[in-house]
Structures are given as C-alpha cells and as structure tokens.
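The values are calculated or read from the model by the stated rules, or taken from the named source; none is laboratory data. Note that the coordinates shown come from a computational prediction; the quantities given were computed from them, not determined experimentally. Here the Cβ is made from the backbone with ideal geometry for all residues, glycine too, and neighbour counts use every protein chain on show.
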Amino acid sequence: MDDLARFCCLNPDCPDHGKRGHGNLTVPMRYGPNKARRLLRCSTCKARFSERKGTPLFDARLPADKAASVLAHVAEGVGTRKTARLVGVHRHTVTRYVRRAGGHAERLHDDLVAFSPGDE
C-alpha cells in the first residue's frame, strides 16, 4: 500500500485542492524507469498528475540521486564546472538543474513570506 499522506490534489478547481492526507488520491499506475514513479489520481475531480509535479525533479531526466548530488554540490558552493566533473554530467546540465531548483525555491519563498509582517 502506498503512503500518500504527504500529497494533495494539484488541480486549483478541485474542492480538495491542497488538502494533504485527505484520502482522495490513488495510484492508478506507475511509470518511468523500473516503474518507480507514481501517477496519482484525485477521486474528487478525476485529475491525474505525477508525484513529482511541483518539484524541481518534475520532467527531469537524471536519476533522483544524481540530481540531488548536483544540487548538494552547488549548495556547498562548488562551481558549475567542478560539480559537472564530480557528478559526471555536462556543465549545462548543472546549470539547468540549478535554474530549475532556484525557480522552485523562489516560488516557495514567496508563498511562505507572503504572510510575514512588513518592515516598518
């Protein structure tokens, strides 16, 4: 049995949108390498989406561990070319993942800071 408590419906028109662990999600199929990724389906609005939707790994081609390694090296301050050599990917791949993760982090920051008190 799949643990889907940390997922929620991503359809903004769904009445259960954003409700984690609501019991409205099922796994109708798996896809990707070794069928490791889950396709989720909302029983309320019938929308289907990847478990990676809304994350920097959505539509990523690298294995998750290699992508995490790229981002970990960059987070430690290692340069693009050195990260590419250490992980074994092209430097443009490093740049693409940094931009993807940076955009995701910016949206998350904006959502979290939207409710912070303003500077006086």
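One residue is enough: does the range 74-84 have a residue meeting the conditions among the polar types (S, T, N, Q) and either in contact with a Leu (Cβ under 8 Å, 6 or more places away or on another chain) or in contact (Cβ under 8 Å) with a residue 60 or more places away in the chain (or both)?
Of the residues in the range 74-84, the ones among the polar types (S, T, N, Q) are 80, 83.
Narrowing the set further to residues that are either in contact with a Leu (Cβ under 8 Å, 6 or more places away or on another chain) or in contact (Cβ under 8 Å) with a residue 60 or more places away in the chain (or both) leaves none.
So far as the range 74-84 goes, no, none of its residues is among the polar types (S, T, N, Q) and either in contact with a Leu (Cβ under 8 Å, 6 or more places away or on another chain) or in contact (Cβ under 8 Å) with a residue 60 or more places away in the chain (or both).
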| field | Residue within the range 36-57 that is surrounded by fewer than 12 Cβ atoms within 10 Å (Cβ to Cβ), in the same structural domain as N24 (by TED's automatic domain parsing) and not charged (D, E, K, R) present | value | yes
| query | Does the range 14-34 contain any residue that is surrounded by 15 or more Cβ atoms within 10 Å (Cβ to Cβ), of a type in the set (S, T, N, Q) and under 30 Å from R96 (Cβ atoms)? | reply | no
